[in-house]
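**Student:** Before we start, here is the structure in question, set down as structure tokens.
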Amino acid sequence: MNMSSDGEAATTASGLAWQQGFSALGPAFFTELQPTPLPSPHWVGTSASVAHLLDLDEAWLRSDAALQAFTGNAVLPGSHPLASVYSGHQFGIWAGQLGDGRAILLGETAAGLEIQLKGAGRTPYSRMGDGRAVLRSSIREFLCSEAMQGLGVPTTRALCITGSPASVRREEIETAAVVTRVAPSFIRFGHFEHFSANDMDEELKALADYVIDRYYPECRGSAQFGGNPYAALLQAVSERTAVLMAQWQAVGFCHGVMNTDNMSILGLTIDYGPFQFLDSFVPGHVCNHSDTQGRYAYNRQPNVAYWNVFCLAQALLPLIGEQELAMAALESYKTVFPAEFMARMRAKLGLGAVAEEGDAELIDGLLVLLAKGGVDYPIFWRRLSHAVGTGEFEPVRGMVPDQAAWDEWLASYLAQPRLADRTQASEAMLATNPKFVLRNHLCEEAIRAAKLGDFSALQTLQQLLESPFEEHPGHESYAAFPPAWASSIEISCSS
Ligand code: AMP
Ligand code: MG
């Protein structure tokens, strides 16, 4: 097929067809602009499953035309790139206007997915930033998006990374990369905060109506909250956020920068920066080296998310009308989060869907034991999953320092009638407790190799993370305890 820049031919070549979505909201919401080219781009990684979601032509995706387009060096036919404006609270403080400082939306495909280039150059919202992303952080974002998908956690996706020899200054000089991100919408809580804080009530309403009509149509005509669709929207978003928090806590994921501008209106994990999957179970773990107060510690995430949905409530207040109604819409967060968290922990323990009295004691008791020993979180769960099937609990027991307390806990766990069919429970646990998790040191190894032009470790890791519950024989080292140097990795906001 012809790879010329001719409009129609190239549309057919990529398989991409566009429709108007966010851009229909009008110029108060964004600035149209072109990405800034990068010299000599090369492929770093691609995700076949995201390409499939987008119905992208496989041969085209391997072409130079695709490489140039996803680096921001050529604009795809039918795409009208733009950067959107939002505001937000950063580390608990109102930060005023932020916006897509280095993300450029290419548009929305006919299948209803937005495509965004992250790191494709400066925008009117770049403030002091250079509009770029470095290879290191782009690999982290790419791998983690696909890892979360593999774990079944709602997330923005990543189609590809391209790299360039262009240098980018961070703590040291690094090279530039662009991640192509994909999601039904990249709208954040901060978009609502922006129009609310600036008393732009009309725009606020247009944004809320757009989000309801596109993503939460059930909020329209719901009898709840006296038929107020904006209160219904707030409740729906806060519940999705509660579910997401339950999933993060259960898989041991720390986001690291839960500012309101990094909170998706669709309840997706978004903006992968200094994130980390727990190695040792340390509830107060802070993965972001820049977070000196520990605001975004692992065990604070559910409360911080509630604080964030409260900010969203404030932003929506002009539309909701009454404070009491807004507060009522937030109420269910307090029951949805614990219920969802318990459900996920029961699943990790192979106890099935039915809640029973004593579950909280059983789960809390275990988490206290794990915390006391700083036990490796993923390996503990994977070993327990096998042990339930084999009856061989020594490999698990050996991980927990307080063995008397462990024996007592294990006895009460194994006495659960819901564990009667051990084979079935073990199988269910192995499908819930992953063997492969994107630990910091694995990411670091893939990054080191990629910096030297070797993308094989990245590809292997990507494959393992796409199906993290499978055994993948021959890849034991990727499921092993972290090396000693892992604890010295420092990840900051700098990306
Ligand atoms: P973050 O905390 O990474 O989500 O970013 C907060 C804000 O800073 C957002 O508005 C980003 O677009 C912007 N930003 C971060 N890094 C850069 C950069 N290198 N160039 C321009 N804007 C940036
Ligand atoms: Mg952000």
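The values are calculated or read from the model by the stated rules, or taken from the named source; none is laboratory data. From a predicted model like this one, the values you see are computed outputs, not experimental measurements. Here the Cβ is made from the backbone with ideal geometry for all residues, glycine too, and neighbour counts use every protein chain on show.
**Student:** May I ask you to list the residues in the range 96-123 that are within 12 Å of ligand 1 (Cβ to nearest atom) and over 13 Å from Thr36 (Cα atoms)?
**Tutor:** Within the range 96-123, Gly96, Gln97, Leu98, Gly99, Asp100, Gln116 qualify.
**Student:** Being surrounded by 16 or more Cβ atoms within 10 Å (Cβ to Cβ), part of a loop (DSSP other than H, G, I, E, B), touching a residue at least 12 places away in the same chain (Cβ under 8 Å) and away from ligand 2 (no atom under 15 Å from the Cβ) narrows it down to one of Leu38, Leu106, so name that one.
**Tutor:** Result: Leu38 is the single residue among Leu38, Leu106 that is surrounded by 16 or more Cβ atoms within 10 Å (Cβ to Cβ), part of a loop (DSSP other than H, G, I, E, B), touching a residue at least 12 places away in the same chain (Cβ under 8 Å) and away from ligand 2 (no atom under 15 Å from the Cβ).
**Student:** Give the residues of the range 295-338 that are surrounded by 19 or more Cβ atoms within 10 Å (Cβ to Cβ) and on the phi > 0 side of the Ramachandran plot, sorted by residue number.
**Tutor:** Within the range 295-338, no residue meets the criteria.
**Student:** Just wondering, is there one or more residues in the range 217-227 that are among the acidic types (Asp, Glu), surrounded by fewer than 24 Cβ atoms within 10 Å (Cβ to Cβ) and modelled with pLDDT under 95?
**Tutor:** Our first condition is that a residue be among the acidic types (Asp, Glu); within the range 217-227, this holds for 218.
Imposing the further condition that a residue be surrounded by fewer than 24 Cβ atoms within 10 Å (Cβ to Cβ) reduces the set to 218.
Next, from what is left, pick out any that are modelled with pLDDT under 95: none.
No, every residue in the range 217-227 fails to be among the acidic types (Asp, Glu), surrounded by fewer than 24 Cβ atoms within 10 Å (Cβ to Cβ) and modelled with pLDDT under 95.
**Student:** Just to confirm my filter: which helices (runs of 4 or more DSSP H) fall fully inside the range 274-389 and include at least 3 residues that are farther than 30 Å from Tyr478 by Cβ and of a type in the set (Val, Ile, Thr)?
**Tutor:** Correct list: 301-320.
**Student:** Any residue in the range 159-175 that's of a type in the set (Gly, Ala, Ser): show its pairings with residues that are assigned to a strand (DSSP E or B) and surrounded by fewer than 24 Cβ atoms within 10 Å (Cβ to Cβ) at Cβ separation under 6 Å, as long as the two are six or more apart or on different chains.
**Tutor:** Gly163/His42; Gly163/Val44; Ser167/Ile173
**Student:** Can you say whether Trp60 is in a strand (DSSP E or B), of a type outside the set (Val, Ile, Thr) and more than 16 Å from ligand 2 (Cβ to nearest atom), as far as the supplied structure shows?
**Tutor:** Details: in a strand (DSSP E or B): no; of a type outside the set (Val, Ile, Thr): yes; more than 16 Å from ligand 2 (Cβ to nearest atom): yes.
Spelling it out, it is not the case that Trp60 is in a strand (DSSP E or B), of a type outside the set (Val, Ile, Thr) and more than 16 Å from ligand 2 (Cβ to nearest atom).
**Student:** Do we have Leu268 as within 16 Å of ligand 1 (Cβ to nearest atom) and closer than 25 Å to Ala431 by Cβ here?
**Tutor:** yes
**Student:** Tell me, yes or no, whether the range 235-257 has at least one residue that is near ligand 1 (Cβ under 10 Å from one of its atoms) and of a type in the set (S, T, N, Q).
**Tutor:** For the range 235-257, residues near ligand 1 (Cβ under 10 Å from one of its atoms) and of a type in the set (S, T, N, Q): absent.
**Student:** Could you give every pair whose Cβ atoms fall below 7 Å, whose first residue belongs to the range 290-307 and is free of Cβ contacts under 8 Å to residues at least 24 places away in the same chain, and whose second residue is surrounded by 19 or more Cβ atoms within 10 Å (Cβ to Cβ), counting only separations of at least 6 or pairs across chains?
**Tutor:** Gly294/Val286
**Student:** Moving on to the next point. Residues in the range 26-44: is at least one within 21 Å of the chain's Cα centre (by Cα) and modelled with pLDDT of 95 or more?
**Tutor:** Step one: list which residues in the range 26-44 are within 21 Å of the chain's Cα centre (by Cα), which gives 44.
From the residues that got through so far, the ones that are modelled with pLDDT of 95 or more too are 44.
There is at least one residue in the range 26-44 that is within 21 Å of the chain's Cα centre (by Cα) and modelled with pLDDT of 95 or more.
**Student:** From Leu366, Leu370, which residue is assigned by TED's automatic domain parsing to the domain that holds Tyr413, touching a residue at least 60 places away in the same chain (Cβ under 8 Å) and over 28 Å from Ala95 (Cα atoms)?
**Tutor:** Leu370
**Student:** Cβ-Cβ distance below 7 Å, separation of 6 or more or different chains: which pairs start in the range 211-234 with a residue that is in the same structural domain as Gly267 (by TED's automatic domain parsing) and end on one that is of a type in the set (Phe, Trp, Tyr)?
**Tutor:** Going by the 7 Å Cβ cut-off, the qualifying pairs are Ala231/Phe225; Ala232/Phe225; Leu233/Tyr216.
**Student:** Given the options Leu278, Leu207, name the one that is in contact with a His (Cβ under 7 Å, 6 or more places away or on another chain), farther than 21 Å from Ile187 by Cα and either modelled with pLDDT of 95 or more or outside the structural domain of Phe380 (by TED's automatic domain parsing) (or both).
**Tutor:** Unique residue meeting the criteria: Leu278.
**Student:** Just for the range 444-455: of the residues that are touching a strand residue (DSSP E or B) at 6+ places or on another chain (Cβ under 9 Å) and in contact (Cβ under 8 Å) with a residue 24 or more places away in the chain, which one is surrounded by the fewest Cβ atoms within 10 Å (Cβ to Cβ)?
**Tutor:** Among them, the one singled out is Lys451.
**Student:** While we're looking at this one, here's another question. Within the range 122-130, can one find any residue that is buried (at least 23 other Cβ atoms within 10 Å of the Cβ) and more than 15 Å from ligand 2 (Cβ to nearest atom)?
**Tutor:** The answer is no, given that none of the residues of the range 122-130 is buried (at least 23 other Cβ atoms within 10 Å of the Cβ) and more than 15 Å from ligand 2 (Cβ to nearest atom).
**Student:** Just to check your reading of the model, which residue among Gly101, Gly88 is free of Cβ contacts under 8 Å to residues at least 40 places away in the same chain, within 16 Å of ligand 2 (Cβ to nearest atom) and either surrounded by 14 or more Cβ atoms within 10 Å (Cβ to Cβ) or not in a strand (DSSP E or B) (or both)?
**Tutor:** Gly101
**Student:** Keeping to the range 209-233, report how many residues are in a helix (DSSP H, G or I), of a type in the set (Phe, Trp, Tyr) and out of contact with any Cys (no Cβ under 9 Å at 6 or more places or on another chain).
**Tutor:** 3
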